[in-house]
1. Tell me whether the range A:207-224 contains one or more residues that are small (Gly, Ala, Ser), part of a helix (DSSP H, G or I) and surrounded by 16 or more Cβ atoms within 10 Å (Cβ to Cβ).
2. Suppose the filter is assigned to a helix (DSSP H, G or I), in contact with a strand residue (DSSP E or B) (Cβ under 7 Å, 6 or more places away or on another chain) and surrounded by 15 or more Cβ atoms within 10 Å (Cβ to Cβ); does A:Leu188 pass it?
3. Considering (1) among the β-branched types (Val, Ile, Thr); (2) in a strand (DSSP E or B); (3) within 16 Å of RNA strand B (Cβ to nearest atom), say which one A:Ile382 fails and leave the rest.
4. If a residue has to be buried (at least 19 other Cβ atoms within 10 Å of the Cβ) and either more than 11 Å from RNA strand B (Cβ to nearest atom) or charged (D, E, K, R) (or both) to count, how many in the range A:250-266 make the cut?
5. Which one of the conditions (1) in a loop (DSSP other than H, G, I, E, B); (2) closer than 20 Å to A:Leu321 by Cα; (3) not acidic (Asp, Glu) does A:Phe422 fail to meet, given that it meets all the rest?
6. Hey, which of the helices (runs of 4 or more DSSP H) in the range A:233-352, taking only ones fully inside, have at least 2 residues that are among the charged types (D, E, K, R)?
7. Between a residue in the range A:376-403 that is of a type in the set (D, E, K, R) and any residue that is within 8 Å of RNA strand B (Cβ to nearest atom), which pairs come within a Cβ distance under 6 Å, given they are 6 or more apart or on different chains?
8. State all residues of the range A:318-333 that are of a type outside the set (D, E, K, R) and either more than 9 Å from RNA strand B (Cβ to nearest atom) or out of contact with any strand residue (DSSP E or B) (no Cβ under 9 Å at 6 or more places or on another chain) (or both); if no residue qualifies, say none.
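The values are calculated or read from the model by the stated rules, or taken from the named source; none is laboratory data. What you see is a predicted model; the values in this text were computed from it and never measured. Here the Cβ is made from the backbone with ideal geometry for all residues, glycine too, and neighbour counts use every protein chain on show.
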Amino acid sequence: MNFVEELRWRGMLHDIMPGTEDILNKGMVSGYIGFDPTADSLHVGSLAQIMSLIHFQRAGHKPFALIGGATGMVGDPSGKSAERNLLSEDTLQHNLQGIKSQLERFLDFDSGANSAQMVNNYDWFKDFTFLNFIRDVGKHITVNYMMAKDSVKNRINGDTGMSFTEFTYQLVQGYDFYYLWKNHNCVLQMGGSDQWGNIVTGTELIRRKDAGEAYALTTQLIKKADGTKFGKTEGGNIWLDAEKTSPYKFYQFWLNTSDEDAKSYIRIFTLFEKEIIESLEAEQDAAPHTRVLQKALAKDITIRVHGEAEYEKAIKSSEFLFGNIGIEFLNELNDAEVLGLFEGVPNFTIKLSDLQAGLNVVDLLASHTAVFPSKGEAKKMIQGGGTAINKVKIASADDSYSVDALINGKYLVAQKGKKNYFLIIAE
RNA sequence: GGGGGGAUACCAGAGCGGUCAAAUGGGACGGACUGUAAAUCCGUUGCUUCGGCUACGAAGGUUCGAAUCCUUCUCCCCCCA
């Protein structure tokens, strides 16, 4: 199956420039996607773009991942209502390294002719002087053209205004495309649908400057059925970096996908064939409570991002925390096993002596540990019936716990709401 | 440069000098129902040693008493030049 068809049946395709499909069918093509170095890790939002590149490479084409070392210093106004903060050069360097190592896990950088390649636009912008830029690039694009872009129009008509720096952004990104086209024979730029305007500025620049042909393809922005933002939870962004989002949390994020979203996500975020997906869906429809789609989705992505071993651990933790296994189960484990089970679950250490005389729950959860930010909140939540210790709901804010409650003479499992677990270790 | 309007909790947005820790909506969090889903319904949404304490852009002032009145400052928006 060719690349465009692949994206199409997966529901990923948003917009494609005429002629793009033809050139892709003629043979190997180089194409790229840009990644923003605003953090030292990619998050699940970037994952859709990574998937596009993976499909691109699987279809026999050569993918380039462009890291925006230069553009990150400017800030893309697309979809932003306010001026963006600029990054310092140091953070930028640090972020570049992090992103680079993550991308290496997804793309094949050693597959002969269509090996993936990573480029950083800082390399060609760092010595590009302002005067040269406005002569060689600015001259070819009219301000009228630039102002017609939605990203610019929205800001000019809005009341926040827009700096010259951000206004220039599309030219800078446009030049990236030109540079890759010129030096790497890169004829296609891909990106999220919000990137259409920026990409087209690139093809326009290539046409006007060198009378060259270049193409554009954008993918659907990931949406949730309820209209809220994809990739965010109470705890913030879901990152690919295990340090920022534990594999357990990562797995849980995907497992908690709603039924409706799971059907589109499994097409977008996994490489499963059409038949497999359809049979999974049939299975899900027949027995929705089994959530086969969510499980398959969560498994596949977790393994791809964190590896098999981390997935196994995440499964074990999940089964224990959400399954029917009683808390007594912990008694059968040694310390290393307990800690392994709770890897990715926030943990706190308290003094064993503090429990000796019995410790009030509110003090335990708000003062001695940071399960709750304040005692008031702890009390309210306990009254609301949302808190449990060792899987038993706390009946009253006046309750106390002593060493008798410790599991294995050492552990307490606190629960805030149904899904938030905390391990308290008494030493 | 001139004139006008505004700043209230996560956001939006009410708020006769006392009865205001501050209406209402959204969000967020929690509960019930389920399937760790969606929808729905319910509750919570400043801190506390439960006596109080700190809060309505900032600093002063008037007053027994200020989110509310006065002064200065900071920032934002609108109109004119």
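1. Kept after step one, since they are small (Gly, Ala, Ser), are these residues of the range A:207-224: A:211-212, A:214, A:216.
From the residues that got through so far, the ones that are part of a helix (DSSP H, G or I) too are none.
No: zero hits.
2. Working: assigned to a helix (DSSP H, G or I): no; in contact with a strand residue (DSSP E or B) (Cβ under 7 Å, 6 or more places away or on another chain): yes; surrounded by 15 or more Cβ atoms within 10 Å (Cβ to Cβ): yes.
Spelling it out, it is not the case that A:Leu188 is assigned to a helix (DSSP H, G or I), in contact with a strand residue (DSSP E or B) (Cβ under 7 Å, 6 or more places away or on another chain) and surrounded by 15 or more Cβ atoms within 10 Å (Cβ to Cβ).
3. Every listed condition holds for A:Ile382 apart from (2).
4. Step one: list which residues in the range A:250-266 are buried (at least 19 other Cβ atoms within 10 Å of the Cβ), which gives A:250-255, A:257, A:261-263, A:265-266.
In the following step, the residues that additionally are either more than 11 Å from RNA strand B (Cβ to nearest atom) or charged (D, E, K, R) (or both) were identified as A:250, A:261, A:263, A:265-266.
Count: 5.
5. So the condition that A:Phe422 fails would be (1).
6. Values: elements: A:247-255, A:259-269, A:274-286, A:292-306, A:308-322, A:335-341.
Those helices (runs of 4 or more DSSP H) span A:259-269, A:274-286, A:292-306, A:308-322, A:335-341.
7. Once the first residue is of a type in the set (D, E, K, R) and sits in the range A:376-403, its partners that are within 8 Å of RNA strand B (Cβ to nearest atom) give A:Lys379/A:Val362.
8. Keep residues of the range A:318-333 that are of a type outside the set (D, E, K, R), which gives A:318, A:320-327, A:329-331, A:333.
Correct list: A:Ser318, A:Phe320, A:Phe322, A:Gly323, A:Asn324, A:Ile325, A:Gly326, A:Ile327, A:Phe329, A:Leu330, A:Asn331, A:Leu333.
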